[in-house]
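> Can you read through this structure? Questions will come right after.
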Amino acid sequence: MSKRIAVLVSGNGSNLERLIELSRAGFIDGEISLVISSNEKAFALERAKRHSIPSRILHFNSRSCDAYSDVILQTIVDCEIDLIVLAGFLKILSGKIIERFRNRIINLHPSLIPSFCGKGMYGERLHRAVIESGVRITGATVHFVDGGTDTGPIILQEAVPVLCDDTVESLSGRVALVEHRLLPKAVSLFCKDRLTVRGKRVLITGGSYENSVVERL
């Protein structure tokens, strides 16, 4: 049975666009059924509108993380969602939603966890920290969400070189290309029930994901 997917966003929504494209092309056995944004000006909302996907704007409004997460949880439950995908969502989920959707919340992070992750590590700040550190590789990580910040079981990772003349813009653009491949792969594997979590490890069952159609995109 096709999975119902909610995508949580705060900004441009390029990864949302990629997920919509691949789900409607049949590469992901799931439907983007709901888009939730913490930011009413997020361009991701326009993307959802163009594709006639229902959307909700849920403002933080100085709520505690638990209280805000409870509002999201109720919206998710009301829409009968199977999988939550955080694609550039800048609020931390906590409380009941973590347990209710354990191993059913996927986050995309623009570095190779456990490097350059945790509180405050997002957007330009993250990529600037990578460049200033002098490391030669960075990348992207897709992982399940647990009670910490970027600490959940890792599903997929892919490395990206850091070049000597990189700027924040050039590096973030290169990482974004990897994100657009990695996130749909993870969502596709989840929708095919091929992800099994054992402790901190995620096993990919039923064959190699490298041979899937999504991998070749």
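> Looking only at region 36-76, count how many residues are under 22 Å from residue 21 (Cβ atoms), out of contact with any Phe, Trp or Tyr (no Cβ under 9 Å at 6 or more places or on another chain), surrounded by 13 or more Cβ atoms within 10 Å (Cβ to Cβ) and among the small types (Gly, Ala, Ser).
Residues that pass the stated criteria total 4.
> Would you point out the residue of region 171-201, among those that are touching a Pro at 6+ places or on another chain (Cβ under 8 Å) and of a type in the set (Val, Ile, Thr), that is farthest from residue 86 (Cα to Cα)?
Checking each candidate, the answer is 197.
> Please go through region 61-98 and pick out each residue that is out of contact with any Gly (no Cβ under 9 Å at 6 or more places or on another chain), among the acidic types (Asp, Glu) and part of a loop (DSSP other than H, G, I, E, B).
Listed by number, the list holds a single entry, 80.
> Taking region 164-201 as the search range and keeping residues that are farther than 30 Å from residue 128 by Cα and among the aliphatic types (A, V, I, L, M), which one is surrounded by the fewest Cβ atoms within 10 Å (Cβ to Cβ)? I'd like the intermediate steps shown before the answer.
Keep residues of region 164-201 that are farther than 30 Å from residue 128 by Cα, which gives 188-199.
Within this subset, residues satisfying the condition of being among the aliphatic types (A, V, I, L, M) are 189, 195, 197.
Working: 189: 23, 195: 21, 197: 15.
Looking at residues that are farther than 30 Å from residue 128 by Cα and among the aliphatic types (A, V, I, L, M), I get 197.
> Need pairs with beta-carbon distance below 7 Å; first residue at negative phi and touching a residue at least 12 places away in the same chain (Cβ under 8 Å) and within region 158-182, second surrounded by fewer than 19 Cβ atoms within 10 Å (Cβ to Cβ) and assigned to a strand (DSSP E or B); sequence gap 6+ or separate chains.
Correct list of pairs: 159/137; 160/137; 161/137; 162/137; 178/158; 182/158.
> If you take the residues in region 115-145 that are at pLDDT below 95 and under 14 Å from the mean Cα position of the chain (by Cα), which one is surrounded by the most Cβ atoms within 10 Å (Cβ to Cβ)?
122
> Ok, one more. Being of a type in the set (Gly, Ala, Ser) and either without any contact (Cβ under 8 Å) to a residue 60 or more places away in the chain or part of a helix (DSSP H, G or I) (or both) is the filter here; which residues of region 8-60 pass it?
Scanning region 8-60 gives 14, 23, 25, 26, 33, 37, 38, 42, 44, 48, 52, 55.
> Then there is this: Given the conditions (1) crowded, with 16+ Cβ neighbours inside 10 Å; (2) on the phi > 0 side of the Ramachandran plot, report the number of the one that residue 33 does not fulfil.
(2)
The values are calculated or read from the model by the stated rules, or taken from the named source; none is laboratory data. Model, not experiment: these values are computed from the prediction. Because the Cβ atoms are built from the backbone with ideal geometry, glycine has one as well, and the counts that use them run over all protein chains shown.
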